[in-house]
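The values are calculated or read from the model by the stated rules, or taken from the named source; none is laboratory data. Remember, it's a predicted structure, so these values are computed and weren't measured experimentally. Virtual Cβ from ideal backbone geometry, glycine too; neighbours counted across all protein chains shown.
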Amino acid sequence: MHALSRSPISDTHFYICGSVVIDPSAAIAPGVLIQADASAQVVIRAGVCIGRGSIIHAVSGTIEIEEGVTLGTGVLVFGSCFLGAGSCVGANVSLVNYALQPGQLVPANSALSTLEMPTVSAQSPSESSNSTVQKGKEHHSEDQVTPSVQNGAHDQQSEEKGSPASVSTNAENVDVHVEETRVTTQRIVYGRASLDRVITMMFPHRQPLDSPTSSSDHPDSS
């Protein structure tokens, strides 16, 4: 039985940009993007199989895929990478500046990278947000205290300005109260006018009650 031979690749179903070297025996599925930036290069050796929708993007270095490497669907190879001969990469794997040993297996949905993580400040994000909120509260409290002090001073000035009017009003109230007290203390005699008329009829020469008497009002006794 004769071994099956691979047909030459067709570059009409995938995309190439930059300095890219592909062995004619490599199998590349549709929708694959192979790109090399300036001063970068992509090298794909014989017998390599690249699944649909994969992206190989060389940045500031070389991406070298050795013989017999298999890449599943949706694989991302980015930066400067080396994939050893016979290694197998599962679907939806991301390799960033990473080197695979020959024959190494990478499970699907993995992410491998040798990039240095950004340094984290000593203060955690939660502490930073809490300090920001606390500063906002302090600033808001200062804004509230200032109008309160100004309003208090304004009220005090209003009270001081209005104090003479209140004193005069209190004095008038005291005078009215005294007048009412004097009126109520006077004794009321009912029928006094009738009594005065009767006394005048009986004693025509006598003056009414509480009337001022004078010698000029009485007739001469002689």
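Numbers for the structure displayed
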| item | result |
| --- | --- |
| Close pairs from region 103-114: first without any contact (Cβ under 8 Å) to a residue 40 or more places away in the chain, partner aliphatic (A, V, I, L, M), Cβ under 6 Å, at least 6 apart | 106/89; 106/93; 108/91; 110/93; 112/95; 113/96 |
| Residue among 89, 69, 93 that alone is free of Cβ contacts under 8 Å to residues at least 24 places away in the same chain and closer than 21 Å to residue 22 by Cα | 89 |
| Enumeration of residues in region 56-67 that are crowded, with 18+ Cβ neighbours inside 10 Å and of a type outside the set (D, E, K, R) | 56, 57, 58, 63, 65 |
| Which numbered condition residue 16 misses (of (1) under 19 Å from residue 112 (Cα atoms); (2) at pLDDT below 95; (3) assigned to a strand (DSSP E or B)) | (1) |
| Within region 52-118, strands (runs of 3 or more DSSP E) holding 2 or more residues that are more than 46 Å from the chain's Cα centre (by Cα) | 62-65 |
| Tally, over region 69-84, of residues that are small (Gly, Ala, Ser) and more than 17 Å from residue 51 (Cα to Cα) | 3 |
